[in-house]
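Every number in this text was worked out from the coordinates using simple rules, so none of it is lab data. These figures come from a predicted structure and were not determined experimentally. Here the Cβ positions follow ideal geometry from the backbone for every residue, glycine too, while neighbour counts run over all protein chains shown.
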């Protein structure tokens, strides 16, 4: 499973949603719904919109509840490292670089601060695309 898939699955699992059909988010290369893609070489499945669970997952509530149960104070609302730690996922630089690769980060992966901010924003966006209810203040837009 991809790192992004692991993040989505972990959050939805903690929210009590079965994620078997939703664990693999839409391909990051897939065009946004309503946009056109100049390439027709992508597999048809990557052009499909992300699947939405029957009930929207309140990402803030699920992660806040999980954070309250954690002995470490983690700033998951702003930090991709803390978000990954909260979900018991590998938050090492190499794991974050792999996540950046999955999400097609085009910046310098050696500038970890900039990459981390971009990753957090992208993860929140992908959570929203995959059925997560993400508050506007976490969407970085």
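Each residue in 103, 93 was given a count of other beta-carbon atoms within 10 angstrom of its own, and listing them fewest first yields 93, 103. Spin-label model, residue 93 to residue 112: label points 7 Å out along the Cα-to-beta-carbon direction sit 0.5 nm apart.
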